[in-house]
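Comments concern the structure below.
The values are calculated or read from the model by the stated rules, or taken from the named source; none is laboratory data. Quick caveat: nothing in here was measured; it's all calculated off a predicted structure. Every residue, glycine as well, gets a Cβ built from its backbone with ideal geometry; the counts of neighbours run over all protein chains shown. Each accessible area value is taken on the protein alone, full model and side chains, heavy atoms only, with ligands, DNA and RNA left out. Shrake-Rupley method; radii C 1.70, N 1.55, O 1.52, S 1.80 Å.
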Amino acid sequence: MTLLNKTLPEERRGKLKHMLAQGQLVRAIEAHNGLSGIIADNARIEGQDADGNQVVREFDAIWESSLTDSASKGHPDIEVISFDSRLHTIHEILAVTKKPMIVDGDTGGDPNMFEYTVSKLERAGVSAVIIEDKVFPKRNSLEAGTTQTLQEPQAFAYKIKRGKAVQMTDDFMIIARLESLIAGLGLDDALDRARAYLEAGADGIMIHSKSKDPSEILEFAKRYQSLLAELEMDKPLVCVPTTYNNIVEEELKQSGFHIVIYANHLLRTAYKSMLETARTILLNQRSFEADPMCAPLRDIFDAVGFLDVKEKDRLDESNKNTPVIIPAAGRAPDLEKVIGNAPKAMIDIAGKTLLARQIKSLNINRLTDITVVTGHGKDQMRAEGVSFIEAPDYEKNTELDSILAAEDKMSNGFIMLYSDILVEYGVFANLLASREDIVLVVDNSIQYLDSVDGKATDYVISRNKRNLGRRAINFDYQNTIAKIGKKIDPALATHEFIGLAKFTKTGAEQFLETYHDVRQNLRGQIQEAEDVSKFRLTDLVQEMIDRGFNVHYLEIHKGWLEIHFPQDIELANELFVSTTSDAPQIPTP
Ligand code: SPV
Ligand code: MG
C-alpha cells in the first residue's frame, strides 16, 4: 500500500451505505494512525470453514476511535484532543486506505461545532460519524466507577437535526449513540432516546454497553426492531462488543445488528507488544532477544510503500540517460583488405556507418550520452550526436584501456558497447530494465551452433545448470557468470559475451576498484593476460568474479552481428539492404 490509494472522497463516502443496503453485516476495526489503518485495510484471511466452504474474510470499514486516537497521542479519552488533531489522524488514515471510515465524534460538541464537524468529515470522504448523548466533555464509557452524565434527549436530538441539515450528500450518515446502559439508566431510557433521535433524522443507532454479558444489547435489539416497525423506518443498529466479546458476528447479525465495531484492539495489541519489547531490551541490554518479537523491517517497508518507491527509483535509474562508452581505438587486422586504415566503426553497412547504426539503436532507447573512444584511424572517425575522446597510447593498449579513457563518464553507472557489433533494439531495452549491478549480454547460440573458426570468442560459463529442456524461465538474479575468457574450452562454454554490458553506480565502483587495484598492485600473469599491460575487459570481469563480486548476464539467442571478417560485412549488407527503409523495424538494429 502506498500514499497513492487512488480513492477520492466521493468514491469512498458512499461505500458504507452501499454495504448496508446489500444487507451485509459491516465489520469495522479501529485504526489510530496511518500504519494501523493499513493493517485494517489489508488484513485478510482465506481458508476453509468447519463445513469445508472456502471463505475470504476481511474488515469492511475502519473505526476512527476517540479512545485509541487519544491514547496513541498519550492522552485520556475525555475530548481533550482537539477536533483538528483528530482530523489530522483521520486524513492520515484516509490517505493510505480504501475502506469506508466511521468516525467516533464523541459528543459532537454544541450544535454549531457539530455542523463544522459534519461538514469537514463529509468533505474528507468519511462515511459516518457517531455521536454519543453525553454532556461535553464526556468520559470514556468503559472504566467502571466513572460518573457519566447524559444530555437531555431533546437537546441531543436538536444537535442531530442541525448536523443533518448541513450535510451535502446523501452518502453521509449521522448515527446516534445511546449511553443509557453505560450511565445505568436502563433499556426504557435507551429506547425513548432512540425514538427521539430517529425522529430527529439520525441515520442509525448505536447501543453501547460495558456489560460482559450481551443479553442487554440483545434485548435492546429486539425492542429496537419493534420501534422501527412502529416508526416505519429502516435504520441500522450498531454495537461495540468490547466487553461482551464471546458473542460471534453471525449471532449479532441474526439479532438485528448491522455494524459491529472492534473498537480498540489494534492499539491494545500494539501497546502490549511494545511494552514487552522495551522490557526485553532492558533485561538483556541488547535487542537480540527482542528480535523475534518484532516484525521484519521488510514487512513494514512493504506495508508503507517503501518497496514500491525503491522499485520506482530503480526504474528511474535505469531509464535515465546512462552514459554509453564505445571503445573504438583498435585496429581491424582481419578487415584491412576491405577497409584499409579506416576504423571499424566507419564501415559502411547498406549506406550508413556501423557507428551511425549503433547511435540510432541507442537513441531509440533514449541513450544519447555517447562517448566514442578513438585511436587507430581517428582522423576518419565521423558521427553526429556523440563525443569523441582519444585513447592514450592506443597502438599498444587493450580495449580495456580504451574503455578506461572514458573513466569520468562512469561514476553513476555506464553502458559499454564494442564498436564492431550491431544489436537489436530490444536488447538495449532489456539491459536497461535489468536490476543487477553488473550485467553482461551473452548469446546462448553457441550451445546449438558451431563457433566461427579463427575468431577469438569471449566464452562464458554460466553458474546455472545448462537447461536442455524446451521450456524455461530465466530469473535475472540467478543468471550469474562463473567463468569468462577466450581460453575457455568451447565444449564447456554456455554462452558467448557479445560486447555489450551495463554497470550501475555500484557496479561501476566495483569495476573501477578492481581495475585500479590490478593496475597498481599486480604484475605478471593476471587471468588470461600474460602481463598487466595485456589486461583485457574479460580478464577484469573474471578478476571481479574471483574477488567475490556478482557478475550477472542477460541471455539472448542471436539478435546481434559482429563485424570481424569481410564476410560479416557482406552478411550485414544483405540483412540491411533487405530492409526497405530506415524506419525502425524488428529486428533491424
Ligand atoms: C472509542 O473507541 O473511542 C469508543 C468506544 O467510543 S468505547 O471506548 O467503548 O467507549
Ligand atoms: Mg470514543
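Applying the criterion of at least 1 residues that are β-branched (V, I, T) and surrounded by 12 or more Cβ atoms within 10 Å (Cβ to Cβ) to the strands (runs of 3 or more DSSP E) found wholly in region 1-76 leaves 26-31, 61-64. Only residues that are within 16 Å of ligand 2 (Cβ to nearest atom), among the polar types (S, T, N, Q) and either open to solvent by 20 Å² or more (accessible area, probe 1.4 Å) or touching a strand residue (DSSP E or B) at 6+ places or on another chain (Cβ under 6 Å) (or both) were counted across region 84-122, and they come to 2. Taking A572 as the residue in question, decide whether it is crowded, with 19+ Cβ neighbours inside 10 Å, modelled with pLDDT under 95 and not in a loop (DSSP other than H, G, I, E, B). Considered against the rule, which asks whether it is crowded, with 19+ Cβ neighbours inside 10 Å, modelled with pLDDT under 95 and not in a loop (DSSP other than H, G, I, E, B), A572 comes out as yes.
Residues satisfying the criterion are present in region 269-281 (criterion: closer than 25 Å to H75 by Cβ, within 16 Å of ligand 1 (Cβ to nearest atom) and open to solvent by 50 Å² or more (accessible area, probe 1.4 Å)). The residue pairs whose first member lies in region 62-83 and is outside the structural domain of K98 (by TED's automatic domain parsing), whose second member is within 12 Å of ligand 1 (Cβ to nearest atom) and open to solvent by less than 60 Å² (accessible area, probe 1.4 Å), and whose beta carbons are closer than 6 Å, counting only pairs six or more residues apart or on different chains, do not exist in this structure. Residue count for region 124-152 satisfying the condition of being surrounded by fewer than 19 Cβ atoms within 10 Å (Cβ to Cβ) and either hydrophobic (A, V, I, L, M, F, W, C) or within 15 Å of R193 (Cβ to Cβ) (or both): 8. Residues in region 131-190 that are away from ligand 2 (no atom under 16 Å from the Cβ), of a type in the set (A, V, I, L, M) and outside any helix (DSSP H, G or I): A144, M168, M173, L185. Put simply, of S215, S180 the only residue that is farther than 18 Å from Q151 by Cα and of a type in the set (S, T, N, Q) is S215. Against the list (1) open to solvent by less than 50 Å² (accessible area, probe 1.4 Å); (2) outside the structural domain of V386 (by TED's automatic domain parsing), the condition M293 fails is (1). Could you go through region 532-541 and let me know if any residue there is closer than 28 Å to Q358 by Cβ, within 35 Å of the chain's Cα centre (by Cα) and assigned by TED's automatic domain parsing to the domain that holds A328. Yes, region 532-541 contains at least one residue that is closer than 28 Å to Q358 by Cβ, within 35 Å of the chain's Cα centre (by Cα) and assigned by TED's automatic domain parsing to the domain that holds A328. For D234, the conditions (1) in contact (Cβ under 8 Å) with a residue 12 or more places away in the chain; (2) open to solvent by 10 Å² or more (accessible area, probe 1.4 Å); (3) of a type outside the set (F, W, Y) all hold with the exception of (1). Residues that are surrounded by fewer than 19 Cβ atoms within 10 Å (Cβ to Cβ) and of a type in the set (V, I, T) within region 153-191 comprise V166, T169, listed in sequence order. Taking region 502-524 as the range and being crowded, with 19+ Cβ neighbours inside 10 Å and among the charged types (D, E, K, R) as the test, only K502 passes. Residue-level check: of (1) of a type in the set (G, A, S); (2) under 24 Å from S533 (Cα atoms); (3) exposed (fewer than 13 other Cβ atoms within 10 Å of the Cβ), G340 misses just (2).
Meeting the requirement of 3 or more residues that are touching a Phe, Trp or Tyr at 6+ places or on another chain (Cβ under 9 Å) and more than 16 Å from ligand 2 (Cβ to nearest atom), the strands (runs of 3 or more DSSP E) wholly within region 232-346 are 324-328. Do we find that L554 is assigned by TED's automatic domain parsing to the domain that holds A350 and open to solvent by 40 Å² or more (accessible area, probe 1.4 Å) in this structure? Answer is no for this residue. Entry remark, region 204-231: residues being buried (at least 21 other Cβ atoms within 10 Å of the Cβ), in a helix (DSSP H, G or I) and either of a type outside the set (A, V, I, L, M, F, W, C) or within 16 Å of ligand 2 (Cβ to nearest atom) (or both) number 1 in total. The criterion of at least 1 residues that are in contact with a helix residue (DSSP H, G or I) (Cβ under 6 Å, 6 or more places away or on another chain) is met, among strands (runs of 3 or more DSSP E) falling completely within region 458-556, by 481-485, 495-504, 552-556.
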